[in-house]
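Novice: Once you've had a glance at the structure underneath, I'll fire off some questions.
The values are calculated or read from the model by the stated rules, or taken from the named source; none is laboratory data. The structure displayed is predicted, hence computed values, not measured ones. Glycine gets a Cβ as well: all are built from the backbone with ideal geometry, and neighbour counts include every protein chain shown. With ligands, DNA and RNA removed, areas are computed over all heavy atoms of the protein, side chains included. Shrake-Rupley method; radii C 1.70, N 1.55, O 1.52, S 1.80 Å.
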Amino acid sequence: MSLFGNVSAINSSGKCIVMNLSSTQITSRDCFKITSGQKDVLSFGCCDAMGNRLQFPSARSFTPRSKKNVSPLKVVCVDYPRPDLDNTSNFLEAAYLSSTFRTSPRPSKPLKIVIAGAGLAGLSTAKYLADAGHKPILLEARDVLGGKVAAWKDDDGDWYETGLHIFFGAYPNVQNLFGELGINDRLQWKEHSMIFAMPNKPGEFSRFDFPDVLPAPLNGIFAILRNNEMLTWPEKVKFAIGLLPAMLGGQAYVEAQDGLSVQDWMRKQGIPDRVTTEVFIAMSKALNFINPDELSMQCILIALNRFLQEKHGSKMAFLDGSPPERLCKPIVDHIESLGGQVRVNSRIQKIELNKDGTVRNFLLSDGNVLEADAYVFATPVDILKLLLPEEWKPIPYFKKLEKLVGVPVINVHIWFDRKLKNTYDHLLFSRSPLLSVYADMSVTCKEYYDPNKSMLELVFAPAEEWISRSDTDIIDATMSELSRLFPDEIAADQSKAKILKYKVVKTPRSVYKTVPDCEPCRPLQRSPIQGFYLSGDYTKQKYLASMEGAVLSGKFCAQAILQDYEMLATRGEVVAEASLV
């Protein structure tokens, strides 16, 4: 694997040159349809991977000097190769689970399974059931696939999304899914860094760079110790000592911290409040869109455990286009190629029951009725609770769901009239009171690429107090925050960079709010109602409420249905006979 990645650049001919920095071999390829003569195509901040003392060459170190009648090369993007994930224990465990569906005995009578919700959880459930030889029917209430990764195209052909969707190296089931679909090349891997804005130093960033030459967790420890801009050495030492119980106690310790908020846990461990302010406010909002005084510490510890125990765990990738087209559609194509069905504009109005309390059918809003051998709800937990039959609500399995409530999220897109210079080809942590993370999608995403204008996509969080406010209010607040982060380029009154257009996407109930004592309320995928199952990132699985959690929950749901095959097949025959009487 190349240590430094591939740097793309353009020359005066308008061709894109790819320089493999590990071998200096240069080849030509088309890239983003860039025309000749374009100046200052993109500007990057410092790309040094390791800081001042221990340095790897940065991208601009390889830029040739300008010669007479030849335009200097301009760095356009850094295409890092896919990290070596395939040999990690978590990846192999996920790969084995995937293989069990493909290699399971072919059913003599394929089950008909109706699945409500075509987000990643529902898509994953349907995909693996189809792999096992069954016939899923996947229903989506809206006209777009993806659920919490949905996106839409405006009249100009530009995409706007429900959120910033980042794919981590520590997402083994997601990474396996990409490989199974043959679309690994659709992930654009970024340099192994975490980059934080510095509100006290407007226009500057602080980096945690993970060296490729060190194994985990040494690379993460080095990244933390090497950064002297956000934490002092005494704060780092106290933080490290505070984390020792988590490192020594393992998963059991992590789960036991569910009753404490991040802020309470930090204080209990004697970690200075400034560590929370400098680092964990940003992390809390990025993980669950809420602040450390509300977030369960278990959430942070799970993330740290996943990201620090694997060498490439915290390495990030962007999808090269919109999630519905670049990820969801290949899953749908796969499901349909195996005989399954995916139907949009199919909203469930009611779960109708038999006399014994089991599901008789799903009644759709258009009046259609769907009967099946098994039924799956892969919607967000709030939608499930709205449609839950009254007869089921007293059952402890369902009653515990009352504490799981989706958190409001706002995703903001702003198209500017110029190329912003103070951005990176990466996810950025804003460390702003109103903003969580953001990215210049005109740089980070190939389909959204624009050499002349920037499109910032920003997660506005916490959003509870803003979800009912007007789009204009939200944009004004966002611009005010951006003017403090980038005073040289952005002003709240648009006297500098001007807004060409904007889109505000509100999700009143997104992932469940991971407050303390929620973990016992997360349900297993198999419900106590025969033939009824749940799938979703809120269900029981070892990852966070995330894309990885959604995909893994779909696998667990499909696995539970396969384990219940004999009962479901027999039950279907009994129901069919009873209906004839």
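Novice: Gln349 to Lys421: extension gain in nm, 0.36 nm per residue of separation minus the Cα-Cα distance?
Specialist: 21.0 nm
Novice: Taking a quarter of the surface of the Cα convex hull of the range 413-536, what do you get in nm²?
Specialist: Computing the convex hull of the Cα atoms and averaging its projections yields 10.6 nm².
Novice: May I pose another question? If you line up the Cα atoms of the range 274-387 on their principal axes, what length do they span on each, largest first, in Å?
Specialist: Principal-axis extents of the range 274-387 (Cα, largest first): 57, 35, 24 Å.
Novice: Can you work out the base-10 log of I(q)/I(0) for the range 102-246 at q = 0.16 1/Å, using the Debye formula on its C-alpha atoms alone?
Specialist: -1.05
Novice: Quick one: 3J(HN,Hα) in Hz for the range 522-532, Karplus 6.51/-1.76/1.60 with θ = phi - 60°, rounded, Gly and Pro as x.
Specialist: 6, x, 5, 5, 8, 8, x, 8, 4, x, 10
Novice: Could I ask something else about it? For the range 212-288, state which chymotrypsin sites (Phe, Trp or Tyr not before Pro) are in a DSSP loop and have at most 12 other beta carbons lying within 10 Å of their beta carbon.
Specialist: Qualifying residues, ordered by number: none.
Novice: Please label the shape of the range 154-229 as rounded, prolate or oblate, based on the square roots a ≥ b ≥ c of the eigenvalues of the alpha-carbon gyration tensor (a/c under 1.5 means rounded; beyond that, a/b larger than b/c means prolate, else oblate).
Specialist: In terms of gyration-tensor shape, oblate.
Novice: Here's something else I'd like to know. Taking loop as defined by DSSP and a crowding limit of 11 other beta carbons within 10 Å, which trypsin sites (Lys or Arg not before Pro) in the range 323-388 fit?
Specialist: Hits after loop and neighbour filter: Lys355.
Novice: Highest mean first, how do 174-185, 524-535 rank when packing is the count of other Cβ atoms within 10 Å averaged over residues?
Specialist: 524-535, 174-185
Novice: So if I place +1 on the C-beta of Lys and Arg and -1 on the C-beta of Asp and Glu, and nothing else carries charge, what would the dipole magnitude of the range 244-387 be about its Cα centre? I want it in debye, nearest 20.
Specialist: 180 debye
Novice: Ok, one more. Among the aspartates and glutamates, select those whose C-alpha is under 17 Å from the C-alpha of Lys399, and discard any that sit fewer than 8 residues away in the same chain.
Specialist: Answer for Lys399, where 17 Å is the Cα cut-off: Asp382, Glu390, Glu391, Asp517, Glu519, listed by chain and number.
Novice: Long-range amide H contacts for Arg360: which residues qualify at under 5 Å (H placed 1.01 Å from N, peptide plane, sequence gap of 5 or more or a different chain)?
Specialist: Sorted by chain and number, the residues that satisfy this are Glu352, Leu353, Asn354.
Novice: Over the range 144-296, what percent of the accessible surface lies on carbon and sulfur atoms, probe 1.4 Å?
Specialist: C and S fraction of accessible area: 56 percent.
Novice: Something else about it: So how do 485-497, 439-451 stack up, highest first, on mean other-Cβ count within 10 Å?
Specialist: 439-451, 485-497
Novice: Could you do me a favour and compute the accessible area per residue for the range 329-470, 1.4 Å probe, result in Å²?
Specialist: Accessible area per residue, the range 329-470: 40 Å².
Novice: Can you tell me which of 389-398, 300-309 comes out highest on packing, and rank the rest after it, using the mean Cβ neighbours within 10 Å?
Specialist: Going by the mean number of other Cβ atoms within 10 Å, highest first, we get 300-309, 389-398.
Novice: Further, regarding this structure: Under 18 Å Cα-Cα from Lys400, which lysines qualify once same-chain neighbours fewer than 8 residues away are excluded?
Specialist: Output for Lys400: Lys385, Lys513, Lys540.
Novice: Rounded, prolate or oblate: which fits the range 308-441, taking a ≥ b ≥ c as square roots of the Cα gyration tensor eigenvalues, rounded meaning a/c under 1.5, else prolate when a/b beats b/c?
Specialist: prolate
Novice: Around Ser510, which amide H atoms from residues at least 5 apart in sequence, or from another chain, sit under 5 Å from its own amide H, with H modelled in the peptide plane?
Specialist: HN-HN under 5 Å from Ser510: Val407, Val409.
Novice: Kindly state, as a whole number, the per residue volume in cubic angstrom of the convex hull around the alpha carbon atoms of the range 397-452.
Specialist: 145 Å³
Novice: Sticking with this structure for a sec: Using only the Cα atoms of the range 181-263, build the gyration tensor, take square roots of its eigenvalues as a ≥ b ≥ c, and label the shape rounded, prolate or oblate: rounded if a/c is under 1.5, else prolate if a/b is larger than b/c, else oblate.
Specialist: oblate
Novice: Now for a separate question. Which whole-Hz ³J(HN,Hα) couplings does the range 252-268 yield from phi under the Karplus relation 6.51 cos²θ - 1.76 cosθ + 1.60, θ = phi - 60°, glycine and proline marked x?
Specialist: 4, 5, 4, 5, 6, 8, 4, x, 10, 6, 4, 4, 5, 5, 4, 5, 4
Novice: Which residues' amide hydrogens lie under 5 Å from the amide hydrogen of Lys540, considering only partners 5 or more residues apart or on another chain, with H built in the peptide plane?
Specialist: Those lying under 5 Å, H to H, from Lys540 are Leu524, Gln525.
Novice: On average over all directions, what projected area in square nanometres does the range 87-148 have, based on the convex hull of its Cα atoms?
Specialist: Answer in nm², one decimal: 5.1.
Novice: As a quick test, which of the pairs Lys190/Lys506; Lys421/Lys446; Lys503/Lys542; Lys201/Lys496; Lys190/Lys453; Lys201/Lys446 have an alpha carbon distance above 23 angstrom in this structure?
Specialist: Correct reply: Lys190/Lys506; Lys503/Lys542; Lys201/Lys446.
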